[in-house]
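First up is the structure itself, then whatever we jot down about it.
The values are calculated or read from the model by the stated rules, or taken from the named source; none is laboratory data. Please read all numbers here as calculations on a predicted model, not as lab measurements. Backbone-built Cβ (ideal geometry, glycine too); neighbour counts: all protein chains shown.
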Amino acid sequence: MSDALTVNDLTCNFDVSAPWLNRVIERKQKQFVRAVDDISFSVPMGGCLSLVGESGCGKSTVARLVTGLYRASHGEVRFAPGKSGEQLAAQMIFQDPYASLNPRWRVRNIIAEPLRELKLRNSETEIMERVGELLTIVGLAPSDGAKFPHEFSGGQRQRISIARALAGEPEFLVCDEPTSALDVSVQAQILNLMRKLQDEMGLTYLFISHDMSVVRHMSDRIAVMYLGRIVEEADTETLFANPRHPYTQLLLETIPDITHPKRGRNMVASEVPSPLNPPSGCTFHPRCPLADGRCKSERPEMRSFADGSRAACHRIEETAKAANAA
C-alpha cells in the first residue's frame, strides 16, 4: 500500500524572544523553542495514524505544518498523488467547534465557502444542493443550513465542521483533537461518524489526540510524542499489548479500567519540563523510573524492531543487546 503522506526530518522552531528593546536593556539573547524536533513518519493511503501525547508535546504544531498553516524550519512534508492523479490536499477539522465556525455566517455559507473558492460546482443551485448533501452525510438536515452556529450543540457544530472539511472533496483529513471539547457520549457519535466516512469515502486520517482510548478506537498505527519528538511508533494492537517506551507505558496507565478500578499504578509525579529549556540527553529522563547516567547525557536514536514498531530508549537498546549476547 502506498503512503498518502510522508514526513521526513520535520523540525519547527518558534522565536519566543522578548521585544528588541527589552533584550538590549536586559542584555538577553534571542530565545527559540523547538516545538517539533526532527520527526519522521508516514500515513498509508486509506489508513489512520494518530499522534498522541500530553499537552505541549507538539502534536497540533505537526497538524498545522502538514496543512501548511505553519512553515517548517527544516524537513519535508510530501503528499502522494490521489485518485485524480493530482497531489493530495489536506483539509483540517479543528479542536474547538465553538471557535472554528464564523458566528456571523449561516451554516450553508460556511459549508459552501470551499465549494466556491475551489470552483467545485458551476452554479449557485449546484452549490446549495451539495451543501444539503453534505449536511445529510454528517447526520443533519438540509434545512439546518439556514441557521447560525450558535443554534447548535457542540456535537452538531463539529458535524458542521466535518461537512465543511468534506466540501473541499479531500482524500486526506487532519483531525486536531476533534472530540476533546465534547461530552463523552457525543464523542462516541462523532468518532463513529468519522469511521463511517472513512470506510465509505476512502479517507485517510492524521488524527491528533491526548486520549489513548480515543486513538485505540480510531487508529491503525500510533506515534507517541514527547517534547517535540516521536519516542515510539507501532501498530495499535502492538502498542497496547507491548508498549516499549516508559512514556508510552505511563500514558497507558491513565486509561480507566472498569474491571480493575483499584489496580496498582506506577504514576510519575513530576511535571513536564519546559520546552524552552528541555533536559539534556533523553528529554524524558527526569520523569523516567529507569533512567541512568547515559540517559542524562546521550539522546537515544530511534530503533526499529521485527514487529514493525520503533522506539527511542537506551534501556530498550541495552536489553536487546543483552538478549543477543545471551
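Some observations on this one:
- Inspection of the range 189-197 identifies no residue that is in a loop (DSSP other than H, G, I, E, B) and either buried (at least 17 other Cβ atoms within 10 Å of the Cβ) or at pLDDT below 95 (or both).
- Note on the range 126-179: residues that are closer than 24 Å to ARG104 by Cβ and β-branched (Val, Ile, Thr) amount to 5.
- Qualifying residue in the range 139-153 (condition: in contact (Cβ under 8 Å) with a residue 12 or more places away in the chain, in contact with a Leu (Cβ under 6 Å, 6 or more places away or on another chain) and surrounded by fewer than 19 Cβ atoms within 10 Å (Cβ to Cβ)): no
- None of SER50, SER55 is outside any loop (DSSP other than H, G, I, E, B) and among the small types (Gly, Ala, Ser) except SER50.
- Qualifying residue in the range 124-131 (condition: part of a loop (DSSP other than H, G, I, E, B), exposed (fewer than 13 other Cβ atoms within 10 Å of the Cβ) and not aromatic (Phe, Trp, Tyr)): no
- Residue check, ALA89 surrounded by fewer than 17 Cβ atoms within 10 Å (Cβ to Cβ), under 22 Å from the mean Cα position of the chain (by Cα) and under 22 Å from SER185 (Cα atoms): no
- So ARG216, is it under 22 Å from ALA4 (Cβ atoms) and either touching a Pro at 6+ places or on another chain (Cβ under 7 Å) or free of Cβ contacts under 8 Å to residues at least 24 places away in the same chain (or both): no
- Among the residues listed as SER180, SER209, the single one being under 25 Å from VAL138 (Cα atoms) and surrounded by 23 or more Cβ atoms within 10 Å (Cβ to Cβ): SER209
- Qualifying positions in the range 70-87 - out of contact with any Gly (no Cβ under 9 Å at 6 or more places or on another chain) and closer than 15 Å to PRO170 by Cβ: PHE79, ALA80, PRO81, GLY82, SER84, GLU86, GLN87
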